[in-house]
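Visitor: Dropping a structure here in structure tokens format, bear with me for questions.
Just so it is clear, none of the values below were taken in a lab; they were calculated from the coordinates. The structure presented is a predicted model; accordingly, all values stated were derived computationally and were not measured. Neighbour counts are summed over all protein chains in view; Cβ atoms, including those assigned to glycine, are modelled from backbone coordinates with ideal geometry.
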Amino acid sequence: MPDPTPLTLVHADKALLRQAAGARILSTLSEVLAVQQTAHLSLTGGSMGSAVWEEVAVSPLRRMVDWSRVHFWWSDERFLPAGDADRNAQQVHEAFLRDAEVPPENVHVIGNADQFTDPEEAAAAYAQELRSCAPAGQDYPVFDLTLLGMGPDGHLASLFPGRSEVLVDREDVIAVRDSPKPPPLRVSLTLPLVNRSVRTWFLVAGADKAGAFARMQALARSSPDRQQLTATPASGARGSEQTLYLVTADALPS
Ligand code: 6PG
């Protein structure tokens, strides 16, 4: 029976976490594609967000997946020029997509600072692209798997503690300015749109995450209220059928 209550899976270190997460992605995608024509993935940035794709790129298990049927989306992006090494999509491109058999039209990258005047324009264009791939009768696609990181402050995507964006209660794509994590200009899915996901996995590595992760775990069996959500935005992300916290041992409260 599907259960969105977060399940914490502990890994001895970052190397094991990235290998295990890479294998889990591949086996899950092969299961999804066994029962439906396409799989929609939502990716994130950060060190773990790209590290797992380096593991996928070298895994013999990647042959389990028909990549021509996988769509890649991002839950957030840095508003930087095309090809900038700090762009989340650029990091996955270099880690995996560059050499994978994913049709370019299946890679849905959030707009860059060369294409758009500002992050608001890029956000509006991405919302439109998402809507263009929505199933009949729905406004947006449902992601089969969403990968997220969590910052030491408890942020997810580009939704940061204490910021008004965290509480936006509509499914949308928004601009984020003055981001506390550089670079300052970003584009992010709102939490309700992040939550249009069947499976939501957090990749949490490092002792610097222990405080925020303890707060997130404490809220795992409840629905965070506005104050809790504002303090720890990552606590608000759930998959409709599965939520996994894939963590390293040093990220657990000591
Ligand atoms: C970003 C990411 C951000 C990231 C977390 C965790 O654009 O910066 O989307 O949400 O996932 O900050 O990053 P680490 O895995 O590097 O700690």
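Visitor: Assuming R0 = 41 Å, what is the FRET efficiency of Lys181 and Gln36, from their Cβ-Cβ distance, to the nearest 0.05?
Guide: 0.75
Visitor: Also, quick follow-up: Could you work out the relative contact order of the stretch 74-174, using alpha carbon pairs under 8 angstrom and six or more residues apart, expressed as a whole percent? Intermediate results must be reported in sequence, preceding the final value.
Guide: Numbers: 86 pairs, mean separation 22.5, N = 101.
Answer for the stretch 74-174 is 22 percent.
Visitor: At 10 °C and a viscosity of 1.306 mPa s, what translational diffusion coefficient does Stokes-Einstein give for the chain, taking Rh as the Kirkwood radius over Cα pairs? Give it in µm²/s as a whole number.
Guide: 88 µm²/s
Visitor: Name the long-range amide H neighbours of His71: under 5 Å, sequence gap of 5 or more, or other chain; modelled H, no Pro or chain starts.
Guide: Ala39, His40, Leu41
Visitor: Let me ask something else about it. Would you mind calculating the relative contact order of the stretch 115-211 from Cα pairs under 8 angstrom and at least 6 residues apart, reporting the percent as a whole number?
Guide: Reported relative contact order: 33 percent.
Visitor: Just add up the charged neighbours of Arg131: K/R +1, D/E -1, any other residue whose Cβ is under 14 Å from the Cβ of Arg131.
Guide: -2
Visitor: For the stretch 192-237, what does the alpha-carbon gyration tensor say about shape, rounded, prolate or oblate, given a ≥ b ≥ c as the root eigenvalues, a/c under 1.5 as rounded, and a/b over b/c as prolate?
Guide: Note, shape of the stretch 192-237 comes out oblate.
Visitor: Now for a separate question. For Leu7, enumerate residues with amide H under 5 Å from its amide H, sequence gap 5+ or separate chain, H modeled in the peptide plane.
Guide: Under 5 Å from the amide H of Leu7 lie the amide H atoms of Thr243, Leu244, Tyr245, each far enough along the sequence or on another chain.
Visitor: Taking the mean number of other Cβ atoms within 10 Å as a proxy for protection, how do you rank 195-207, 102-114 from highest to lowest?
Guide: 195-207, 102-114
Visitor: Please give me the summed charge of the neighbours of Ala89: other residues whose Cβ is under 11 Å from its Cβ, Lys and Arg +1, Asp and Glu -1.
Guide: Cβ neighbours under 11 Å give a net charge of -3.
Visitor: Please provide three numbers in whole Å: the alpha-carbon extents of the stretch 107-153 along the principal axes, with the largest listed first.
Guide: Between the extreme Cα coordinates on each principal axis of the stretch 107-153 lie 32, 31, 18 Å.
Visitor: May I pose another question? Run the numbers on the chain and let me know its relative contact order in percent, using alpha-carbon pairs under 8 Å that are six or more apart.
Guide: Relative CO of the chain lands at 25 percent.
Visitor: Still on this model: Within the chain, which DSSP H helices have Cα atoms that stretch 27 Å or more along the helix axis and a mean Kyte-Doolittle hydropathy of at least -1.0?
Guide: On the way: long enough: 14-35 (32 Å, 0.83).
Passing helices, by number: 14-35.
Visitor: Let me ask you something else. Could you please report the charge total around Glu120, scoring K, R as +1 and D, E as -1 over all other residues with beta-carbon less than 13 angstrom from its beta-carbon?
Guide: It works out to a net charge of -2.
Visitor: For His11, His155, what ranking results if the residue with the fewest other Cβ atoms within 10 Å of its Cβ goes first?
Guide: By the 10 Å Cβ count, ascending: His11, His155.
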